Amino acid sequence: NSEAIVLMTYADSRDVRRAIDDLDDLVEQFADQDVAFYLIDASGESDKDVIAEQADDDIAYPILVDDTQFVAKELGLTRQTDVVILDPANMEVVFRGALNNRFEEGSRAR
């Protein structure tokens, strides 16, 4: 029932923890709109128990686990901190890229 769905790739890393702080700012910007925010772990390597523990303790977003990496491949997610914005009415990708210029490929500003 959301107007948009935002997915950011997740892994247990310093870059992702920093990106989550920036994602928090984005959530505040869209607080008055019906936008759903999720993290997606598509590494296939993460320990689900560790993810569940982090989700309970440190992370305010649901973490979707994509063990087969099918969803990530379909959405074109290839790097940690990549973001996809979906229009849930037709499941169309309306944006794919970096959360901000700090996390663009090749950036040293992290």
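Using only the Cα atoms of region 1-83, construct the convex hull and provide its projected area averaged over every direction, in square nanometres to one decimal. Let's see the in-between values first.
Values: hull surface 22.1 nm².
That works out to 5.5 nm².
In what sequence, highest mean first, do 68-78, 22-32, 3-13 appear when ranked by Cβ atoms within 10 angstrom? Provide the component values of the computation, followed by the final result.
Numbers: 68-78: 14.3, 22-32: 12.5, 3-13: 19.1.
Packing proxy ranking, top to bottom: 3-13, 68-78, 22-32.
Values in this text are rule-based calculations from the coordinates and carry no lab data. None of the values given here were measured: they were computed from a predicted structure. Virtual Cβ from ideal backbone geometry, glycine too; neighbours counted across all protein chains shown.
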